[in-house]
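Worksheet for the structure shown next.
Just so it is clear, none of the values below were taken in a lab; they were calculated from the coordinates. Every value quoted in this text rests on a predicted model; they were computed, and no experiment measured them. Here Cβ is always computed from backbone atoms with ideal geometry, including for glycine, and neighbour counts include all displayed protein chains.
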Amino acid sequence: MIAIVTGASSGIGKEFVRQITSHYKNINEIWVIARRTERLKTLQKMVNVKLVPITLDLINPDSIKVLKKMLKERSPKVKLLVNSAGFGQVGGFTDMDCKYSTDMIAVNCTALTAITHTVLPYITYNGRIIQIASSAAFLPQPDFAVYAATKSYVLSFSRALNIELKRRKIKVTAVCPGPVKTEFFDLAEKTGKLAEYKKYFFVDAVKVVRKALIDSVDGKELSIYSIPMKAFYILTKTVPHRIILKIYK
Ligand SMILES: NC(=O)c1ccc[n+]([C@@H]2O[C@H](COP(=O)([O-])OP(=O)(O)OC[C@H]3O[C@@H](n4cnc5c(N)ncnc54)[C@H](OP(=O)(O)O)[C@@H]3O)[C@@H](O)[C@H]2O)c1
């Protein structure tokens, strides 16, 4: 039985690789996907199951063919798929390079969709899919517009898929963290600064991932770590978005 994790070279994805076998005892191999091969190789010392590093640039749609071929050749039983690869950029939409915005959609939405579609035939009855969305999915976010839109896609897609896969008893969990201490913001803050108030809500990837794995085992459709983020979720469900957006800036 295997797990497949994208975005495994860093942050949340890497933490999933470290914690998976504590929650899924029958997983004996993890396929780890990212661009930085060296980093993927160093993960092996963190875990005591076999890791299979797969170097893919998910901006390139052809990269999925590599995964498709490996799956066809090895025909593994996939217990868990974690789609964690993703990136964002803070700043005004017109200040951002257009290609950077479309690449963000390519990785955060297109690749996540293609990987889910490619892996699904191999996911076992009662298997699990974890999609890393974000609390940015709850509300449109000026100065984080494209990123928030990509994460709304992930959340909406995951919830619908969760219903579609009921017959196979596969549960899809959308993970919606607020700011997490990873390398994410080193990249994200290249064109603009993160809103000051967000700095008070940073949490540790270890805790976000632990909760996500527990929620996934329990078959929950949503995993939201921390009381402030749960409160934010309720706010965005109860107060009209145009009112929140008025006081946002
Ligand atoms: N950190 C936060 O505050 C936060 C909050 C909510 C949601 N999230 C989401 O959590 C997920 C993981 O982010 P993180 O915080 O762990 O950030 P991170 O430390 O920067 O990790 C991002 C991962 O995505 C991979 N990736 C990026 N572009 C890729 C590409 N073109 N092809 C293949 N892999 C690519 C990176 O691998 P390589 O660079 O080696 O390719 C890396 O493993 C993302 O989807 C992010 O949107 C993060």
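General remarks:
- With Cα atoms, 0 to 90° folded angle of helix 205-217 axis to the chain main axis: 60
- Shape category assigned to segment 2-248 from the gyration tensor of Cα positions, a/c cut at 1.5: prolate
- Shape category assigned to segment 121-207 from the gyration tensor of Cα positions, a/c cut at 1.5: prolate
- Per-residue Cβ neighbour rank within 10 angstrom, fewest leading, 173, 102: 102, 173
- Neighbour net charge for residue 55 - beta-carbon separation under 12 angstrom, K R +1, D E -1: +2
- Computed helical MRE - 222 nm, the chain, DSSP H runs ≥ 4 contributing -39500 (n - 2.57), nearest 500: -12500 deg cm²/dmol
- By other beta-carbon atoms within 10 Å, ranking 107, 52 with the fewest at the front produces 52, 107.
- Sorted fewest first by neighbouring Cβ atoms within 10 angstrom, 147, 200, 153 come out as 200, 153, 147.
- Under a 5 Å amide H cut-off, with hydrogens placed 1.01 Å from N, residue 203 pairs with 180, 181 among residues at least 5 apart or on other chains.
- Overall form of segment 14-83 per C-alpha gyration tensor (a/c, 1.5; a/b vs b/c): oblate
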